[in-house]
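The values are calculated or read from the model by the stated rules, or taken from the named source; none is laboratory data. Keep in mind it's a predicted model, so treat the numbers as computed, not measured. As a convention, Cβ positions derive from the backbone with ideal geometry for all residues, glycine included, and neighbour counts pool all protein chains shown.
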Amino acid sequence: MQFPVIIELARSRLFLFFLTCSHALAALGLWFALLPWWAKVTAFLFLAMSLSCAIRHYTNRQPQALWLYPRGDLGVVLTGCPPPPLPARLETAALVLPWLCVFAWRYDTNVPFPLAPNTPRRGVIILLPDSAASHNQRRLRLWLRWTERV
């Protein structure tokens, strides 16, 4: 594997589908609950706000690309921030499955270029099979398993 490995990411339609379905199941449960009408309306409003905030948070915080370096170093290209990538590190152990990768990252405080004031200091990346190309997913899983052992 030649470093840096650059992995282009896309927004996962599967994740958005699961997010929408979970909120729809909660709304269905509220519909059949024995509650007064005003409590149901209030709960439905909170569910709608929760869904819109979750979708907005996912679409704004999902990185556009990952740059993988040896020794667990990571570069994160965020939405609205042009390359060079934000130097980051894995924060905790990663969950690596054939159909799912979940890991947390945080960027180093000594960044050699100016950052936007609303740049997040840390984040969690959830990658489903439709988030990246299959060969890039395999490279990322290999890199995550390799850096955990190092």
Checklist entry - Do we have any residue at all in region 4-17 that's touching a Lys or Arg at 6+ places or on another chain (Cβ under 6 Å), hydrophobic (A, V, I, L, M, F, W, C) and surrounded by 11 or more Cβ atoms within 10 Å (Cβ to Cβ)? => result yes
Next on the checklist: Between Pro98, Pro36, Pro63, which is under 16 Å from Gln137 (Cα atoms) and either of a type in the set (Ser, Thr, Tyr) or loosely packed, with under 12 Cβ neighbours inside 10 Å (or both)?
Outcome noted: Pro98
Checklist entry - Can you tell me which residues in region 5-19 are among the β-branched types (Val, Ile, Thr) and touching a helix residue (DSSP H, G or I) at 6+ places or on another chain (Cβ under 7 Å)? => result Val5, Ile7
Item to check | Checklist (1) out of contact with any Phe, Trp or Tyr (no Cβ under 8 Å at 6 or more places or on another chain); (2) at pLDDT below 85 applied to Gly123, failing item | outcome: (1)
Next on the checklist: Looking for something among the charged types (D, E, K, R) and modelled with pLDDT under 90 - is there at least one such residue anywhere in region 28-46?
Outcome noted: no
Checklist entry - Do we find a residue being touching a Pro at 6+ places or on another chain (Cβ under 9 Å) and in a helix (DSSP H, G or I) anywhere in region 19-26? => result no
Next on the checklist: So, in region 40-90, how many residues would count as being assigned to a helix (DSSP H, G or I), in contact (Cβ under 8 Å) with a residue 24 or more places away in the chain and either over 30 Å from Ala26 (Cβ atoms) or of a type in the set (Lys, Arg) (or both)?
Outcome noted: 4
Checklist entry - If only one of Thr147, Thr109 is modelled with pLDDT under 80, in a helix (DSSP H, G or I) and not aliphatic (A, V, I, L, M), which one is it? => result Thr147
Checklist entry - in a loop (DSSP other than H, G, I, E, B) and in contact (Cβ under 8 Å) with a residue 40 or more places away in the chain, is that true of Arg11? => result yes
